[in-house]
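Scroll down for the structure; my scribbles are underneath it.
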Amino acid sequence: MNAHVSPAMAADYDRGGYLIIPGRVFDDATFAALRTKADAVFAARAADRGGVAPSLVDCPHWDDPEMFRWILAPEMLALVEPVIGPDIAVFASHFLQKPAEIGKRVPWHEDSAYWKGWMDPIVVASITVSLETSTTENGCLRVIPGTHVHGYSDYDPLAKPSDQIFPTEVKADQFDEGKAVDIVLEPNQASLHDARIIHGSAPNTGTLPRAAFTVRYFPTTNRFNPDFNKNFRVYLARGVDRAGNPYGDPTRSYPPAGVIP
């Protein structure tokens, strides 16, 4: 079954701030090519860092226009359109990985807290395509349903930041971890989450690695602020611009973004 988002599912997303989408996103050949691309990107970034593989490669599409084969794929845009509308722009993309048994924990956070000032309003829907089986044991994504109605919680520093991907975490009294939902996915299955929802992931304590491809889309009615970071590029994916935003050219290469250790 091909992945899809029905009107009822879009209503669930509005209420809860996330979806686990049934079905496969891509055909077998397109998905296999994406996995091959992920392996190549991780290997290249590891070579640049003395053989140490990063946990996250940020915006690989900036310096590799081939990435738009998947970012602008009709299959992806069809999943996000029901929740943000037909005029769609690309904010960011990431390859993420958690090696077996040593993958670090991602603290509870909201993406919107890191993006404050980048656009107004911060309406961003993130599609995560699982490249490998994603389970509780290997550190799957976890979300706190309904917390997307706020989006700007307060944060505390962590006692052992070296054990975490980020050094801070949403204050414990601002959410109920007991309500967390594990986003368990098969390869080529996807989830969708609002940028304002509180989410995170446990360390990978299992024997299987976890890897994923995430693309973050926003409606072109959002006003992107290029003055916040003049080197950051967004792209028009479908429809028309509604806010006078500047867009990058998906056919050309720009200087690469960064990685997270």
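The values are calculated or read from the model by the stated rules, or taken from the named source; none is laboratory data. Keep in mind that what you see is a predicted model, and the values were worked out from it rather than measured. Using ideal geometry, Cβ is built from the backbone for each residue, glycine included, and neighbour counts are taken over all protein chains shown.
Remarks
- When restricted to residues that are modelled with pLDDT of 95 or more, assigned to a helix (DSSP H, G or I) and more than 16 Å from the chain's Cα centre (by Cα), the range 43-74 contains 4.
- Qualifying position, being under 16 Å from the mean Cα position of the chain (by Cα), outside any helix (DSSP H, G or I), in contact (Cβ under 8 Å) with a residue 12 or more places away in the chain and buried (at least 16 other Cβ atoms within 10 Å of the Cβ), among Leu79, Leu19, Leu34: Leu19
- Some residue of the range 149-160 being closer than 25 Å to Val80 by Cα, touching a strand residue (DSSP E or B) at 6+ places or on another chain (Cβ under 8 Å), among the β-branched types (Val, Ile, Thr) and surrounded by fewer than 18 Cβ atoms within 10 Å (Cβ to Cβ): no
- The listed residue being of a type outside the set (A, V, I, L, M), in contact (Cβ under 8 Å) with a residue 24 or more places away in the chain and within 28 Å of His4 (Cβ to Cβ), out of Thr168, Thr221, Thr251: Thr221
- When the range 224-241 is filtered for residues that are in a loop (DSSP other than H, G, I, E, B), touching a residue at least 24 places away in the same chain (Cβ under 8 Å) and on the phi < 0 side of the Ramachandran plot, the ones remaining, listed by number, are Asn225, Phe228, Asn229, Asn231, Phe232, Arg233, Val234, Val240, Asp241.
- Residue ID - surrounded by the fewest Cβ atoms within 10 Å (Cβ to Cβ), chosen from residues in the range 212-241 that are of a type in the set (D, E, K, R) and closer than 15 Å to Ile122 by Cα: Arg223
- Among residues of the range 183-195 that are farther than 22 Å from Arg15 by Cα, those with a beta-carbon under 6 Å from a residue that is part of a strand (DSSP E or B) at least six positions away or on a different chain give the pairs Pro187/Ser130; Asn188/Arg24.
- Some residue of the range 60-74 being closer than 28 Å to Phe175 by Cα and touching a residue at least 24 places away in the same chain (Cβ under 8 Å): no
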